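A.B. asks: Before I ask anything, let me first share the structure, which is written out below as structure tokens.
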Amino acid sequence: MSQRAQDRRWQTKFGSFVAEFGAERLAESLEVRPPAVYQWVKGETAPTPARAFAILRIASESGFEISLDDIYQRFRRPIR
């Protein structure tokens, strides 16, 4: 089993979409470098809102159902 397959981040809805669609292909579609996509999945950085909406469109056109919550889940903080 590959390291990526063992990593829970790739088992999220967003990670599963990126793994299936292809990080390099998504990066090309969004006009970013592939490391940016990997950083989004890892939760190190987040896509801009414009790119997040583009991800939703690309996912939908490819038969995937994800939400902004799926994309930004690693950045949500509980309300106190």
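Rule-based calculations on the coordinates, nothing more; no lab input. This one's a predicted model, so the numbers in the text were calculated from it and none came from an experiment. Reconstructed Cβ throughout: ideal geometry from the backbone, glycine too, with neighbour counts over all protein chains shown.
A.B. asks: For the chain, what size does the Cα cloud have along each of its three principal axes, sorted from largest down, in whole Å?
C.D. replies: 39, 33, 23
A.B. asks: So, in nm, how far is label Lys42 from label Phe75 when the simple model puts each one 7 Å beyond its Cα toward the Cβ?
C.D. replies: 1.7 nm
A.B. asks: Still on this structure, please answer the following. So what is the 222 nm mean residue ellipticity for the chain from helices alone, if each DSSP H run of at least 4 adds -39500 (n - 2.57) and you divide by all residues, rounding to the nearest 500 deg cm²/dmol?
C.D. replies: -16000 deg cm²/dmol
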